[in-house]
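The values are calculated or read from the model by the stated rules, or taken from the named source; none is laboratory data. Note that the structure is predicted; figures quoted are calculated from it, not measured. For neighbour counting, all protein chains shown are included, and Cβ atoms are generated from backbone atoms with ideal geometry for every residue, glycine included.
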Amino acid sequence: MRVLVIEDDRETAQFLQRSLRESGHAADLAGDGDHGLVLARDGRYDVLIVDRMLPRRDGLSVVQALRAEGARTPVLILSALGEVDDRVKGLRAGGDDYLTKPYAYTELLARIEALARRPAPEEQATRYIVGDLSLDRLSHKVTRAGEPILLQPREFRLLEYLMKHTGQVVTRTMLLENVWDYHFDPQTNVIDVHISRLRGKIDKGFAKQLLHTVRGAGYMIRDGAD
Amino acid sequence: MGAFVVAAALIVGFIAWRANDLLTNKVVETLEAEVIGLREQFQAGGAERLAAIVAQRSSQPGSSLYLLVDAAGRKVAGNLDRAPPGLEGSRQGGVFNYVRAGEEGHGAARHAVGVPLPVPGGLVLIVGRDIEDLHRFAGAMGQLGLWSIVLLGAVGIGAGLAISRSVLRRIEVVTETSRKIMAGDLSKRIPLHGSGDEFDRLSESLNAMLGRIEELMAALREVSDNIAHDLKTPLTRLRSRAEAALRNPDGPASYRDGLTKTIEEADELIKTFNSLLLIARLEAGAVAESIGPVDPALIIGDVAELYEPVAEEAGLRLEISVAKGLTLEANRELISQAVANLVDNAIKYSVDETMQGPAGDGASRGRIAISLARAGKAIEIAVADRGPGVAPQDRERALARFVRLEKSRSQPGSGLGLSLVAAVARLHGGSIRLEDNRPGLRAVLSLPASGAHAASAARATLSDASNWGQR
């Protein structure tokens, strides 16, 4: 995928460019808000990574300008400001996701991949299928190999989110934000326990594991061998 | 000041004018009565009778002034020697100067008011009344008025100067205090007068503001001190890890391992920094924007649901007892985080105890009670564990940043959990207190209830976590 990184710190920008290329993505750089806006208008990008504090034109105003012009390219806002109100402001300006500096590259990668492949609201499926696991979003029914699986409401939402991003890494913070709507970091790794409980319900007793742990990054639901 | 003097002058002038007027009217009335009386005498007894009466009255001491002249202008009777020049030929009364008959050469001319009265037969009678006293009185009144104005003016100017000087002096005190504070002495306060007037109230609120600033500054200093001291340890650890990996002769494999650990260590540091920043921002009173009505029962339910698997895995039971229908004016995220921190702590210390403690009584040890109840005007969220608890003398300290009581040194964590809870509580106008759970710790987060909605709080006990647990 093509990524545009609008970031004024050269070192950070080049690190991101290099890392994205290693992950198999093409990345262009813009060092200030004006330049970034010109490049972003091009429309060739799948995802924009926009730093909040930029010379000439700040990140939020770049996003606002793009949205005002009708561009729907997903935007990940990067910021050193990570407090409750800042996040709300970032998303209100038209950002799709918000990541606080310093961040782990795996976290950023997982988030932009999730953003880039995010289907438009009208084309969201009502049924997710991964291998012989099926989740019906309307009837809230989950089956594995035709057998019904009983899930608690939160477990259902957890599985739903994972299956929506089938084949993509989903980090613990993404799960906390999207399934629990928490933006803080619980000290204990509570998510891991929820995942292992879910795994016990959908994978236990089956030869083929669908819910995988991605070391150092998070989790992924995927059909097929490693 | 000028307006004051003008007003005083107007009042005094008005009084003097009114008094003069009144007295003059009185004199004129007396004269008119006298004239009527004399006219009656003339009608009754003719010119002789009039002359006799005038002569008789003239000789009385303190009498009115009389002069009866014949057609030729010669004096017939009376105590005036000649017709006052001002009244000669006049048909109306007027003011004149006179000297009493027989007193020429002595007393000075006196003021009088008189009326000429033509009497049939060519005679003219002049009746007058001495108004010298009145004149003097009016003069004295004028003088008095003038002096009062001068005096009032002087007093007014003096008082004005005194008041403005005292006001200026008190403002100067405020200025001086603020200069000292700017120079770096944050403990300075504006001295109070003790009178409770507007100035005192201004000073009081300025002092309160200064107190808050000093508190914030102290907190800030404490944070930077603690950062300097307590972050050195993990930084040193991180550095030595990296160094050790680099020295290791095993090559790339050990580098990878060392780097992974370094990143983990760095992540912990970042978490600590984030918590510190959050606490600092909460204490600075930020985050007001995203405060709204929230149901604490929902928050507790969600947090309990989040932690329930962790607790279960550790062999602990979460028991929730919440009052329904309560509302908080709060930031959902922050209250959730505070409750999560309390539950997190409770689990950590209970686990410690169940591992190390003697066998038996496992049921009561492995129990964490989370409750929500209304206590007067407050809503209290309590998290109680059966862990080792905190000694009474350590409770205050346990809420401070980075403080990890000796017993908990072995536990992972930054030592910021409870201080974050305290900061969240303060931001919402509440507080956190630590109590003895006999045994264990009972942490109570007390928050002000938002008035309107908190009326009927039906107490609903949800036995353990089964409502959201598995099974």
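Pick out the one residue from B:GLU305, B:GLU319, B:GLU312 that is touching a residue at least 12 places away in the same chain (Cβ under 8 Å), assigned to a helix (DSSP H, G or I) and surrounded by fewer than 20 Cβ atoms within 10 Å (Cβ to Cβ). From the options B:GLU305, B:GLU319, B:GLU312, the qualifying one is B:GLU312.
Could you please give the count of residues in the stretch B:249-261 that are within 11 Å of chain A (Cβ to nearest Cβ) and either buried (at least 17 other Cβ atoms within 10 Å of the Cβ) or acidic (Asp, Glu) (or both)? Selection size over the stretch B:249-261: 0.
I'd like to check something: does the stretch A:20-29 contain any residue that is assigned to a helix (DSSP H, G or I), surrounded by 20 or more Cβ atoms within 10 Å (Cβ to Cβ) and out of contact with any helix residue (DSSP H, G or I) (no Cβ under 7 Å at 6 or more places or on another chain)? Yes - at least one qualifying residue is present in the stretch A:20-29.
So in the stretch B:45-72, with the set limited to residues that are in a helix (DSSP H, G or I) and touching a helix residue (DSSP H, G or I) at 6+ places or on another chain (Cβ under 7 Å), which one is farthest from B:VAL127 (Cα to Cα)? Steps first, please.
Taking the stretch B:45-72 first, the residues in a helix (DSSP H, G or I) are B:45-59.
Right, trim to touching a helix residue (DSSP H, G or I) at 6+ places or on another chain (Cβ under 7 Å) and you get B:49-50, B:53.
Details: B:ARG49: 16, B:LEU50: 12, B:ILE53: 12 Å.
Here the answer is B:ARG49.
Restricting to helices (runs of 4 or more DSSP H) lying wholly in the stretch A:128-214: which have 1 or more residues that are surrounded by 18 or more Cβ atoms within 10 Å (Cβ to Cβ) and among the acidic types (Asp, Glu)?
Here the list reads A:153-164.
Only one of (1) crowded, with 21+ Cβ neighbours inside 10 Å; (2) within 23 Å of A:THR173 (Cα to Cα); (3) β-branched (Val, Ile, Thr) is not met by A:VAL88, so which one is it? Only one criterion in (1) crowded, with 21+ Cβ neighbours inside 10 Å; (2) within 23 Å of A:THR173 (Cα to Cα); (3) β-branched (Val, Ile, Thr) is unmet by A:VAL88, namely (1).
Which residues, taken from the stretch B:287-302, are touching a residue at least 12 places away in the same chain (Cβ under 8 Å), of a type in the set (A, V, I, L, M) and within 11 Å of chain A (Cβ to nearest Cβ)? The answer is B:VAL287, B:ILE291, B:ILE299.
Within the stretch A:76-84, not a single residue is of a type in the set (Val, Ile, Thr), in a helix (DSSP H, G or I), over 19 Å from A:ILE112 (Cα atoms) and without any contact (Cβ under 8 Å) to a residue 24 or more places away in the chain. The one condition from (1) within 14 Å of chain B (Cβ to nearest Cβ); (2) over 21 Å from A:ASN189 (Cβ atoms); (3) at pLDDT below 90 that A:THR173 does not meet is (2). Against the criterion of being in contact (Cβ under 8 Å) with a residue 60 or more places away in the chain and more than 10 Å from chain A (Cβ to nearest Cβ), B:ALA284 qualifies. A:VAL50 fulfils the conditions (1) surrounded by 21 or more Cβ atoms within 10 Å (Cβ to Cβ); (2) at pLDDT 85 or above; (3) assigned to a helix (DSSP H, G or I); (4) not small (Gly, Ala, Ser) except for a single criterion, (3). The sole residue among B:GLU264, B:GLU268 that is within 14 Å of another protein chain (Cβ to nearest Cβ) and either free of Cβ contacts under 8 Å to residues at least 12 places away in the same chain or under 43 Å from the mean Cα position of the chain (by Cα) (or both) is B:GLU264.
If you go through the stretch B:418-438 and keep only what is more than 19 Å from B:ASP344 (Cβ to Cβ) and not hydrophobic (A, V, I, L, M, F, W, C), you end up with B:ARG426, B:HIS428, B:GLY429, B:GLY430, B:SER431, B:ASP436, B:ARG438.
Just one of (1) free of Cβ contacts under 8 Å to residues at least 12 places away in the same chain; (2) surrounded by 12 or more Cβ atoms within 10 Å (Cβ to Cβ) fails for B:ALA9. It is (1). Within the stretch B:271-298, the set of residues being of a type outside the set (Gly, Ala, Ser), buried (at least 17 other Cβ atoms within 10 Å of the Cβ) and more than 36 Å from the chain's Cα centre (by Cα) comprises B:THR272, B:ASN274. For the stretch B:307-318, the criterion of being more than 14 Å from chain A (Cβ to nearest Cβ) and closer than 30 Å to B:ARG386 by Cα is met by at least one residue.
Restricting attention to the stretch B:19-58, which residues are aliphatic (A, V, I, L, M), over 18 Å from B:ASP130 (Cβ atoms) and exposed (fewer than 13 other Cβ atoms within 10 Å of the Cβ)? Once the filter is applied, which keeps residues that are aliphatic (A, V, I, L, M), over 18 Å from B:ASP130 (Cβ atoms) and exposed (fewer than 13 other Cβ atoms within 10 Å of the Cβ), the stretch B:19-58 yields B:ILE36, B:ALA44.
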